[in-house]
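Structure first, then comments.
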Amino acid sequence: MASWKKTFQQGVQRFREGRLEDAVVSFTAAIDSEPGEYTLYDSRAAVYQRLGKLREALLDCKTVIDLAPARWQGYYRSAQLFSKLNKLPSSLRMADLALERLADGDNKHRSELLDLKDQITNAIEEKEKEASRTADHFGKLPLELATLIFSLALSDNHSWVVQLAQVSKSWRATILEAPALWDILVLSHRSPAKKARFWKERSNGRIVELCIREQFHRTPWALDQLRDVSLDTLRKLRIDNFSVSLLRAHIPAFTSEVLRNLNVLDVSRLTSSDPNSLLWLWSEPNMQLQNLVVQNTSVDWPNLAQHVTHLRHFTFQGPLYFNCMPDVLWLLHSNPNLVELKLFIDNLIEHNSSGRDPPDAVRLASLAHLELQIVSRDQTLNNLLLSLELPALRTLRISKQVSSLDASLTHLLHCQSTTLLAELRISRCHFSSTAMLQLLRSAAALEVLELSHIGGNQANIVLEALATPQQSDSPSEEREDSPSTTTLCPVLHHLDFSNCPSVTGGPLLRLVKARLQGIEENKPHDSEVPKTTQSQHAAPISTLIIDGCTAVDADILPWLRSKVSKVSCIYMSKEKARWKR
């Protein structure tokens, strides 16, 4: 007994002197003499801890716990060692076990243990935060959900699929194994053959959208990579400056059945060595097209009107012969579910017409957006509008019409096409202020009004009317002999009168003042004004564009900018200013 105690004391002395290796020798010798004494293992564990031999120290701590499970020392040192080894849950458990075994009056060790426990708890929280920041949560998602997220991310620009695949290994694995993310193929001058081959493999040959860009016409042979693709899934075809005959020659699977099943067809500047190949686009019966865009491409209007009957969106830009307008109207008549219609006719030269009379009236009950630009000195645009009934119209844009729009504006009013009208933009056109004001009186839902590049005094007259309370036709409820007043276009908030030389500052000031909310300048309170003379509530002007309106005095601009969120007043472009100097 005395022998191991003497050896133990030697070990303690050597430990205090910093002779750690010699201390281990002494404590080991004492253990050999008395293997059942737990304090010897605890002392050697302390030396191992100082030497950085943490695993050896933990083995001694385990022996301490086995020999004296009711003592706190083995658990306390184990908690310290587990903490240094970054095994924080085990460290926290040992600290709790040590606290359970401390005597009630041992406040010193209790304080040390509580401090250690706080450190461990904080370290665990920091580790969890870091793990949350760096963990690959996306990689744990089901493949179907991850594919859906990528599809939504790529909806605006599908070319990002390559960049997304380079973000991380898990993203790349998910994207490469999802054929639905590779079903849109865009071919241009950049490695078209390599791209077509890669996209075909990734999509398993299921191409939903094929887009051929303008630069691709130099490398048509790249389409040979798609010879063995069935195209049964193709629903969208976009072609710019390419030959239809070459497309059919290099992709035999592009058959009439594929053409009939297309939902979207967007063609621009199409060419063909075989005229019949170009006409073939418009000659297939029972076409399922819902979105058709044609730009500077010859159109067989009679066949188009006969075979295309499911359109929701139609855009045409290019030349048109004047006697084709009946066929255009028949096309519209055949597609009563149209939601959007855009016609930009810059010349009247084509001559493929059926020769039949136009329909008496074309009612487009769902058409919400109409955009027209017909450069003609005759009544082509008026004749078109006079044939249309548009009860759901919300946006109307007309530009570059030389002849007067009065007949069209009056027709829109009479056929109740202005009830839901929220946006009206007319640019570079001629109309009378009387016809325009009649239309505006019926457009109570109008929010956006643009009258730009309008000559004469019409724009200023319209501005005056918007700034002046209008007398209502219905008498006041309180006094039948006192007329009530209303505001023209009460929800109007966006105005664009750019490049209208007749616009002056006075009507602008009165318009903005009349529509200010909650501010009455130099006016009596509402309680002092008889109800029969009050104007109805109107929205304030939020956007005012008067670029090129040289008659507007610059002195009023600071006040306008203080009352209107956005004011643009550029008197002339830099080029014009430079020329004048």
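The values are calculated or read from the model by the stated rules, or taken from the named source; none is laboratory data. Keep in mind it's a predicted model, so treat the numbers as computed, not measured. As a convention, Cβ positions derive from the backbone with ideal geometry for all residues, glycine included, and neighbour counts pool all protein chains shown. Side chains are part of the model used for accessible areas, which takes the heavy atoms of the whole protein and leaves out ligands, DNA and RNA. Shrake-Rupley method; radii C 1.70, N 1.55, O 1.52, S 1.80 Å.
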Problem set entry | Whole-Å distance, taken between Cα centres, linking the stretch 58-118 and the stretch 144-185 | 51 Å
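Report, to two decimal places, the Cα Rg of the stretch 282-327 normalised by 2.2 N^0.38 Å (N = number of residues). Display every interim value, and only then the final one.
On the way: Rg = 10.5 Å, N = 46, 2.2 N^0.38 = 9.4 Å.
Taking the Cα Rg and dividing by 2.2 N^0.38 Å, one obtains 1.11.
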Problem set entry | Solvent-accessible heavy-atom area per residue, rounded to whole Å², over the stretch 181-245 at 1.4 Å | 48 Å²
Exercise. At a Förster radius of 56 Å, what calculated FRET efficiency corresponds to the Cβ-Cβ distance of Ser33 and Lys129, to the nearest 0.05?
Worked result: 0.65
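Taking the chain on its own, what percent of its Cα-Cα pair distances exceed 46 Å? The partial results should precede the final answer.
Working: 85397 of 168490 pairs.
The proportion of pairs with Cα distances above 46 Å equals 51 percent.
Would the stretch 53-117 count as rounded, prolate or oblate if I go by the C-alpha gyration tensor, calling it rounded below 1.5 in a/c and otherwise prolate when a/b exceeds b/c, oblate otherwise? Spell out each step's value before the answer.
Numbers: a/c = 2.15, a/b = 1.28, b/c = 1.68.
Oblate, since a/c reaches 1.5 and b/c is not below a/b.
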Exercise. Helix 73-84: angle to the longest alpha-carbon principal axis of the chain, degrees 0 to 90, nearest 10?
Worked result: 40 degrees
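So for the chain, averaging the separation of alpha carbon pairs under 8 Å that are six or more residues apart and normalising by length, what relative contact order in percent results? Show your work: numbers first, answer last.
Working: 1098 pairs, mean separation 27.8, N = 581.
Normalised by residue count, the contact order of the chain is 5 percent.
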Exercise. If you stretched the chain out fully between Phe198 and Ser283, how much longer would it get, using 0.36 nm times the residue separation minus the C-alpha to C-alpha distance?
Worked result: 27.3 nm
For this session: Could you work out how far helix 88-101 tilts from the main Cα principal axis of the chain, as a 0 to 90 degree angle to the nearest 10?
Result: 50 degrees
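Counting only GluC sites (Glu not before Pro) that sit in a DSSP loop (anything but H, G, I, E, B) with at most 10 other Cβ atoms within 10 Å, what is the longest stretch of the chain containing none of them? Can you show the working numbers first?
Working: sites that count: Glu17, Glu477, Glu478, Glu480, Glu521.
Here the longest run is 18-476.
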Seminar exercise, completed: For Asp156, Asp547, the accessible-area ranking with a 1.4 Å probe, largest leading, is Asp156, Asp547
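Calculate, for His217 and Thr543, the FRET efficiency according to 1/(1 + (r/R0)^6) with r their C-beta to C-beta distance and R0 41 Å; round to the nearest 0.05.
0.45
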Exercise. Between the DSSP loop rule and a limit of at most 11 other Cβ atoms within 10 Å, which trypsin sites (Lys or Arg not before Pro) in the stretch 191-298 are left?
Worked result: Arg227
For this session: Determine how large the accessible area of Ser442 is when every protein chain is in place; take a 1.4 Å probe and give Å² rounded to the nearest 10.
Result: 40 Å²
Exercise. With each label point set 7 Å from Cα along the Cα-Cβ vector, what nm distance links Glu21 and Asp346?
Worked result: 9.1 nm
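Averaged per residue, what accessible surface does the stretch 1-70 expose to a 1.4 Å probe, in Å²?
Working: 3930 Å² over 70 residues.
For the stretch 1-70, the per-residue accessible area is 56 Å².
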Problem set entry | MRE, 222 nm, helices only [DSSP H, n ≥ 4, -39500 (n - 2.57), over the chain, to nearest 500] | -12000 deg cm²/dmol
Problem set entry | FRET efficiency, 1/(1 + (r/R0)^6) with R0 45 Å, evaluated for Ala551 and Ser366 via beta carbons | 0.60
Seminar exercise, completed: SASA check, Ser155, accessible area w/ 1.4 Å probe, all protein chains in place, rounded to nearest 10 Å², comes out at 90 Å²
Exercise. What number comes out for the charge environment of Ser3, summing +1 per Lys or Arg and -1 per Asp or Glu over other residues with Cβ under 14 Å away?
Worked result: -1
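Which value, in Å³ per residue, describes the convex hull spanned by the Cα atoms of the stretch 159-266? Each step should come with its number before you reach the end.
Working: hull volume 10.0 nm³, N = 108.
Each residue corresponds to 92 Å³ of Cα convex hull volume.
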Exercise. At a probe size of 1.4 Å, how large is the accessible area of Val229, to the nearest 10 Å²?
Worked result: 10 Å²
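What full-extension length gain, to one decimal in nm, is calculated for Leu152 and Arg190 as 0.36 nm per residue of separation minus the Cα-Cα distance? Before the final figure, lay out each step's value.
Working: separation 38, 0.36 × 38 = 13.68 nm, distance 2.57 nm.
Contour length minus the Cα-Cα distance gives 11.1 nm.
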Problem set entry | Rounded if a/c under 1.5, otherwise prolate or oblate - the stretch 15-143, Cα gyration tensor axes | prolate
Problem set entry | Extension gain, Thr419 back to His109 (0.36 nm per residue minus Cα-Cα distance, nm) | 103.2 nm
